[in-house]
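Let me begin by presenting the structure, written as structure tokens, before commenting on it.
The values are calculated or read from the model by the stated rules, or taken from the named source; none is laboratory data. Quick caveat, the model's predicted, so the values are computed rather than measured. Here Cβ is always computed from backbone atoms with ideal geometry, including for glycine, and neighbour counts include all displayed protein chains. For accessibility, only protein heavy atoms count, side chains too; no ligands or nucleic acids. Shrake-Rupley method; radii C 1.70, N 1.55, O 1.52, S 1.80 Å.
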Amino acid sequence: MGGDSPTSQEDTEEEEPVSEGAATISKLLAMQVTPTAELASVAARAGLGDFVTRAIAWPKLLALDMTRADTSAGLFQGRATALNQRERNQVELDVRRSHWMPPSRDAGANELLSRVIRGVLASHPGECRYYQGLHDIAAVLVLVCGESASAVLDRLVVGHLRDAVRGNGLDQVLKTLQLLPHLIAVADPELHAAVFPQTSRSAFGSLKNASSVSGASPDEETKTSDTASSDDSDDFVLLTVADFTDMDTVGTCHFAVPWFLTWFAHSLNDLQKVSRLFDVFLSNDPLMPLYVS
């Protein structure tokens, strides 16, 4: 991967400034039973601030109890040798290429990353398969969460990342990414027109400006004008099932595959920035990386 060397946790001289939500986060994490929804709201909106807080909060955002025996790092890593040889070989190849933990820099961390991935996948034989890019997510988890990384990754492969680890290639991921052109068309019709060929554009772009189509009655135009003047936010377009009839003809978004599969951990080099994105993704619906894309 080109560009500057990645900024790891150890290299980060300054962490994010203490946010206004820091006191709230500390209070939530100190509770005997963490209010996950409230923690997720703060984490997504303001971020978790520093790596120490994230190491505690990320497992809690996934409703993990790290005091339970079935979340121990040793349990997962003890299963690492059970992963089939073909997947094991691919994991080893990708881990050696990791821009987060190059073997030349820290061979021990590189081997730990491999064991974490193999141990988690071996915990779900026949259900979860390795895909290229999973090592990028796992590397961030290892750097931030340490001993909790295996349990967090285990929860992700049966939750947020379940479509990617099914073992059916990129089929399901590409189907999900078919939503991206439509989202772009609604949010920014001009950008959509510039990116996608005319033969593969979404019809949603025209829906965004439907109120300005000639033929609208004066009353409707006045109503639209009044609404626009009283609300500075973008127009909301209500979509129906019929609006998705052109899904198969809209251009695919292969350029977004690494973003979606690695939660931007393959494209960015700064651990602080990637971790801030993880704050958002762990706090939201599994499709949130699509909206960020």
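Things worth noting here:
- Some residue of the stretch 93-103 being surrounded by fewer than 22 Cβ atoms within 10 Å (Cβ to Cβ) and of a type in the set (Val, Ile, Thr): no
- Test result for Ala82, out of contact with any strand residue (DSSP E or B) (no Cβ under 8 Å at 6 or more places or on another chain), surrounded by fewer than 18 Cβ atoms within 10 Å (Cβ to Cβ), small (Gly, Ala, Ser) and closer than 25 Å to Asn284 by Cα: no
- Taking the conditions (1) among the hydrophobic types (A, V, I, L, M, F, W, C); (2) without any contact (Cβ under 8 Å) to a residue 12 or more places away in the chain; (3) in a loop (DSSP other than H, G, I, E, B) in turn, Leu93 satisfies each one other than (3).
- The residues of the stretch 262-282 that are among the aliphatic types (A, V, I, L, M) and either open to solvent by less than 20 Å² (accessible area, probe 1.4 Å) or under 10 Å from the mean Cα position of the chain (by Cα) (or both), listed by number, are Ala265, Leu271, Val274, Leu277, Val280, Leu282.
- Evaluating Ser104 against the criteria (1) without any contact (Cβ under 8 Å) to a residue 40 or more places away in the chain; (2) polar (S, T, N, Q); (3) assigned to a helix (DSSP H, G or I) leaves one unmet condition, (3).
- Some residue of the stretch 107-126 being at pLDDT below 95, surrounded by fewer than 17 Cβ atoms within 10 Å (Cβ to Cβ) and within 23 Å of Leu277 (Cα to Cα): no
- For the stretch 67-77, a residue qualifies if it is part of a loop (DSSP other than H, G, I, E, B) and open to solvent by 70 Å² or more (accessible area, probe 1.4 Å), and the qualifying residues are Thr67, Arg68.
- Qualifying residues in the stretch 155-183 (those that are part of a helix (DSSP H, G or I) and open to solvent by less than 30 Å² (accessible area, probe 1.4 Å)) - the one farthest from Leu271 (Cα to Cα): His182
- Scanning the stretch 252-286 for residues that are touching a residue at least 12 places away in the same chain (Cβ under 8 Å), polar (S, T, N, Q) and part of a loop (DSSP other than H, G, I, E, B) turns up Thr252, Asn269, Ser283, Asn284.
- The set of residues from the stretch 30-43 being open to solvent by 30 Å² or more (accessible area, probe 1.4 Å) and among the hydrophobic types (A, V, I, L, M, F, W, C) comprises Ala30, Met31, Val33, Ala37.
- Residue-level analysis places Asp285 among those that are farther than 25 Å from Ala194 by Cα, open to solvent by 80 Å² or more (accessible area, probe 1.4 Å) and either touching a helix residue (DSSP H, G or I) at 6+ places or on another chain (Cβ under 9 Å) or modelled with pLDDT of 90 or more (or both).
- Test: residue in the stretch 45-65 that is open to solvent by less than 20 Å² (accessible area, probe 1.4 Å) and among the basic types (Lys, Arg): yes
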